[in-house]
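Asks: Questions regarding the structure given below will be posed in turn.
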Amino acid sequence: MRTLAVLPVKTFDRAKRRLGIAVGADQRRALARAMAGDVLEALGRVRGLDGVIVVSAESLDLDPAPAGGRRFARSVELVHDPEEAGQSAAARRGVRAAVERRAERVLLVPGDCPALEPGEVAELLAEPRDGVVIVPDRHGAGTNALLIAPPEALEPAFGPGSFARHAALAHAAGASLRVGRLPSLELDVDTPGDLAALRAALAARSGGAPRTRALLETMASAPAA
């Protein structure tokens, strides 16, 4: 089953404002860029994924080789998002692009889950079947990833309370529904508490998220700006 990931990435100047004064403006921009780069690199190592569509108004490095020099393992394409009307609109733009590229299934992933484990996502993709899989955030109320087959079976509707909303939309569409428990994808970063949870998760394991790790180390030793 041909599967493409859709990765909406907000302009870095506008990203992560809910972190507030806990993180300075320059650090917020750097953090958003680092996390998106780590998510993109991790997706490139997911078995069963045929490519990635990045939806953004940013000019991104679409072949982000890690420190070891290994090249990105999947095709990556940038779809320009001139409107930046929010995550749901960007996701829908990406799904349309995926359908044009003959995707039979789409995986919607946020750009602020740098702890993403390629093996966990590969397990999610291992059983090709129609329907909707919702991966909740760590609080259980939001949606951190959506797996949709066929791609147009569900129109993404992110935001507060999106887990229940996506479940209702799946039922209304007559699509089978599953809940995917992927610990590494539950760690998105919107609030200072989320950032603390990400720090703890990365400290508890080795490897992964090299850009984000390096930036967090720098932030820990420098005042917010």
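The values are calculated or read from the model by the stated rules, or taken from the named source; none is laboratory data. None of the values given here were measured: they were computed from a predicted structure. Neighbour counts are summed over all protein chains in view; Cβ atoms, including those assigned to glycine, are modelled from backbone coordinates with ideal geometry. The protein model used for the area step is the full one, side chains on, heavy atoms only, and it has no ligands, DNA or RNA in it. Shrake-Rupley method; radii C 1.70, N 1.55, O 1.52, S 1.80 Å.
Asks: Can you name the number of the only condition in (1) within 30 Å of residue 27 (Cβ to Cβ); (2) open to solvent by less than 60 Å² (accessible area, probe 1.4 Å) that residue 148 fails?
Replies: Result: residue 148 fails condition (1) only.
Asks: Would you confirm, using the coordinates I've provided, whether residue 179 is among the β-branched types (Val, Ile, Thr) and in contact (Cβ under 8 Å) with a residue 60 or more places away in the chain?
Replies: no
Asks: Same structure, new question: So, in the range 104-145, exactly how many residues are within 16 Å of residue 184 (Cβ to Cβ), part of a strand (DSSP E or B) and out of contact with any helix residue (DSSP H, G or I) (no Cβ under 6 Å at 6 or more places or on another chain)?
Replies: 2
Asks: So, in the range 7-49, exactly how many residues are open to solvent by 30 Å² or more (accessible area, probe 1.4 Å) and closer than 28 Å to residue 124 by Cβ?
Replies: The total comes to 7.
Asks: Determine, yes or no, whether residue 214 is under 20 Å from the mean Cα position of the chain (by Cα) and modelled with pLDDT of 95 or more.
Replies: No; evaluated as a whole, the condition is false for this residue.
Asks: Something else now. Residues of the range 170-191 being part of a loop (DSSP other than H, G, I, E, B), open to solvent by less than 30 Å² (accessible area, probe 1.4 Å) and among the small types (Gly, Ala, Ser), which ones?
Replies: Those that are part of a loop (DSSP other than H, G, I, E, B), open to solvent by less than 30 Å² (accessible area, probe 1.4 Å) and among the small types (Gly, Ala, Ser): 175, 180.
Asks: Scan 162, 176 and give me the residue that is among the hydroxyl-bearing types (Ser, Thr, Tyr) and over 23 Å from residue 18 (Cα atoms).
Replies: Among 162, 176, only 176 is among the hydroxyl-bearing types (Ser, Thr, Tyr) and over 23 Å from residue 18 (Cα atoms).
Asks: Might you check whether a residue that is in a loop (DSSP other than H, G, I, E, B), in contact (Cβ under 8 Å) with a residue 12 or more places away in the chain and either buried (at least 18 other Cβ atoms within 10 Å of the Cβ) or not charged (D, E, K, R) (or both) occurs anywhere in the range 194-206?
Replies: There is no residue in the range 194-206 that is in a loop (DSSP other than H, G, I, E, B), in contact (Cβ under 8 Å) with a residue 12 or more places away in the chain and either buried (at least 18 other Cβ atoms within 10 Å of the Cβ) or not charged (D, E, K, R) (or both).
Asks: Within the range 90-123, can you find the residues that are in contact with a strand residue (DSSP E or B) (Cβ under 7 Å, 6 or more places away or on another chain) and open to solvent by 20 Å² or more (accessible area, probe 1.4 Å)?
Replies: Within the range 90-123, 93, 101, 104 meet the criteria.
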